[in-house]
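The values are calculated or read from the model by the stated rules, or taken from the named source; none is laboratory data. Just so it is clear, the structure is predicted and the values come from calculations on it, not from any experiment. Virtual Cβ from ideal backbone geometry, glycine too; neighbours counted across all protein chains shown. We work out accessible area using only protein heavy atoms, side chains counted, and drop any ligands, DNA or RNA first. Shrake-Rupley method; radii C 1.70, N 1.55, O 1.52, S 1.80 Å.
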Amino acid sequence: MRRYGPAVVLLLLGAAVLRISLFSEVYLRYVQPGLRPYLVVSGAVLAMLGLVAGALVAAGRSAHAGPGPRVAWLLVLPALALLFFPPPALGSYSAEREAAQRAARGVGTFPALPAKDPVSLSLGEFSSRAAYDSERSLRGRTVRLTGFVTRDTDGTWYVTRLQISCCAADAGAGRVEIRGAAAAPEDTWVTVTGTWHPEGTLGGDDAWPAVLDAESVRRIGQPANPYEQR
């Protein structure tokens, strides 16, 4: 039976990749939506290789099994874990590890916002407009932000979103301080509607994190894609 070790590992890995990319949206916990076709192809190739390798073993065309197949069986465990128990998206712990380091941006103008309130914005765009928009386009506008709850030790709470360039491995945290409303439990996903509360100087470090005076806080389920694109 151990001769089938490599084939089973390939088949399980392929099935796991296909499960999270072709038959569900779990892959969005790890990579951007645009990478889905590559995952599907990779999963299909792995599964096909596993089937071919198994068929060759059954036909007696494989080499005599040595210690390699025994080691290969150990790889079945992470493959099964990914297949049946995919890990959750990154959350508040990862956000807390992100240092408050932001790329330098010049003060300037931003494209006009839609005329109708409330305006749904990503945390990244809201924060950028709050800190760097010389025309203060957020002033007097009602905005809607979505993210999960994080807290400071002093009780200050934030709506937070992890932002990625490619995949979860390069995730960094963006957050907006929420005032005027009670916080939901940490890691709870919420949609907050409110108005911008100007803080700090234009383009200065004291303008971060941006602040929102909340009018309503609504609990929601985790979105299919929990990340924002940088």
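Working carefully through the options Ala65, Ala72, Ala95, Ala99, find the one that is modelled with pLDDT under 75, in contact with a Pro (Cβ under 6 Å, 6 or more places away or on another chain) and either outside any loop (DSSP other than H, G, I, E, B) or open to solvent by less than 60 Å² (accessible area, probe 1.4 Å) (or both).
Ala72 is the lone residue from the list that is modelled with pLDDT under 75, in contact with a Pro (Cβ under 6 Å, 6 or more places away or on another chain) and either outside any loop (DSSP other than H, G, I, E, B) or open to solvent by less than 60 Å² (accessible area, probe 1.4 Å) (or both).
Here's the yes/no breakdown for (1) β-branched (Val, Ile, Thr); (2) over 30 Å from Arg36 (Cα atoms):
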residue: Leu113; (1), (2): no, yes
residue: Pro118; (1), (2): no, yes
residue: Ser122; (1), (2): no, no
residue: Arg139; (1), (2): no, yes
residue: Thr150; (1), (2): yes, no
residue: Trp157; (1), (2): no, yes
residue: Arg175; (1), (2): no, no
residue: Ile178; (1), (2): yes, yes
residue: Pro185; (1), (2): no, yes
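Give me a count of the residues in segment 145-156 that are open to solvent by 10 Å² or more (accessible area, probe 1.4 Å) and over 14 Å from the mean Cα position of the chain (by Cα).
6
Which residue pairs have Cβ atoms closer than 6 Å, lie 6 or more positions apart in sequence or on different chains, and pair a first residue in segment 127-148 that is within 27 Å of Glu186 (Cβ to Cβ) with a second residue that is in a strand (DSSP E or B) and of a type in the set (D, E, K, R)?
Gly147/Arg161
Can you tell me which of (1) exposed (fewer than 13 other Cβ atoms within 10 Å of the Cβ); (2) at pLDDT 75 or above; (3) in a helix (DSSP H, G or I) is the one Ser24 doesn't meet?
(3)
So which pairs qualify, if the first residue must be in segment 203-230 and farther than 13 Å from Ala182 by Cα and β-branched (Val, Ile, Thr), the second must be surrounded by 13 or more Cβ atoms within 10 Å (Cβ to Cβ) and modelled with pLDDT under 95, the Cβ gap must be under 6 Å, and the two must be at least 6 apart or on different chains?
These pairs meet every condition: Val211/Glu199.
Collect the residues in segment 157-181 that are open to solvent by 50 Å² or more (accessible area, probe 1.4 Å), part of a loop (DSSP other than H, G, I, E, B) and free of Cβ contacts under 8 Å to residues at least 60 places away in the same chain, keeping them in residue-number order.
Result: Gly180, single match.
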